[in-house]
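Trainee: Below is the structure I would like to discuss, written out as structure tokens.
The values are calculated or read from the model by the stated rules, or taken from the named source; none is laboratory data. Because the structure is predicted, anything quoted here is derived from the model rather than measured. Don't worry about glycine lacking a Cβ; one is built from the backbone with ideal geometry, like all the others, and counts go over all protein chains shown.
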Amino acid sequence: MKLLVVVTLIAQPCIVSAHEAPTGWRYGWECCSNQDCRQLASSEVEEGPVGYRIRLTGEIIPYSDACIKLSKDEFFHQCTPGGVIDAIRSICLYVPDRGY
């Protein structure tokens with residue numbers, strides 16, 4: 001029985017897919033660890049004088065922070081450790097291109 005399981009696992013093709021945004025583009029591996037990102041509504045992120053503020057947690061991410069990445073759609077996407085929604089720290093914040 002064990003041999004059958006091992007043979008079955010080896011015989012199956014290895015499918016590796018990156019974690020994707022709902023619109024189909026792939027989050028960077030350095031941000032999502034293949035599980036940690038999700039799309040946010042625009043109302044969940046506030047653009048202030050010093051950076052982006054995640055309304056749920058109050059976290060402020062300065063505009064100059066390296067964790068800010070350009071979104072490939074018109075939405076914000078937040079990556080947090082373990083994908084925890086109310087994490088106090090973001091790994092990455094994908095922001096829509098504002099054209100300025």
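Trainee: Looking at the structure I just gave you, is ASP86 surrounded by fewer than 18 Cβ atoms within 10 Å (Cβ to Cβ) and under 22 Å from TRP29 (Cβ atoms)?
Mentor: Criteria not met by ASP86.
Trainee: Go through GLY58, GLY51 for me and flag whichever is surrounded by 11 or more Cβ atoms within 10 Å (Cβ to Cβ) and either within 17 Å of ASP97 (Cβ to Cβ) or of a type outside the set (Asp, Glu) (or both).
Mentor: None of the other options fit; the residue is GLY51.
Trainee: Still on this model: Can you name the condition, by its number, that ALA66 falls short on among (1) outside any loop (DSSP other than H, G, I, E, B); (2) without any contact (Cβ under 8 Å) to a residue 12 or more places away in the chain?
Mentor: So the condition that ALA66 fails would be (1).
Trainee: Could you tell me which numbered condition ASP73 fails, if it satisfies all but one of (1) surrounded by 16 or more Cβ atoms within 10 Å (Cβ to Cβ); (2) in a loop (DSSP other than H, G, I, E, B)?
Mentor: Here ASP73 meets the rest and fails (1).
Trainee: Give the residues of the stretch 21-44 that are of a type in the set (Lys, Arg) and either loosely packed, with under 14 Cβ neighbours inside 10 Å or in contact with an Asp or Glu (Cβ under 9 Å, 6 or more places away or on another chain) (or both), sorted by residue number.
Mentor: ARG26
Trainee: Pairs, please: C-beta under 9 Å, at least 6 apart or cross-chain, first residue at positive phi and touching a residue at least 40 places away in the same chain (Cβ under 8 Å) and in the stretch 75-100, second of a type outside the set (Lys, Arg) and crowded, with 17+ Cβ neighbours inside 10 Å?
Mentor: GLY82/ASP36; GLY83/CYS32; GLY83/ASP36; GLY83/CYS37
Trainee: On to the next question. Looking at the stretch 78-98 only, could you name the residues that are more than 10 Å from the chain's Cα centre (by Cα) and assigned to a loop (DSSP other than H, G, I, E, B)?
Mentor: Within the stretch 78-98, VAL84, ILE85, ASP86, ALA87, ILE88, ARG89, PRO96, ASP97, ARG98 qualify.
Residues are listed down the side, and each one gets a yes or a no for (1) in a strand (DSSP E or B); (2) at pLDDT below 95; (3) of a type in the set (Val, Ile, Thr); (4) under 11 Å from the mean Cα position of the chain (by Cα):
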{"position": "GLN35", "(1), (2), (3), (4)": "no, yes, no, yes"}
{"position": "ARG38", "(1), (2), (3), (4)": "yes, yes, no, yes"}
{"position": "GLU46", "(1), (2), (3), (4)": "yes, no, no, no"}
{"position": "LEU56", "(1), (2), (3), (4)": "no, no, no, no"}
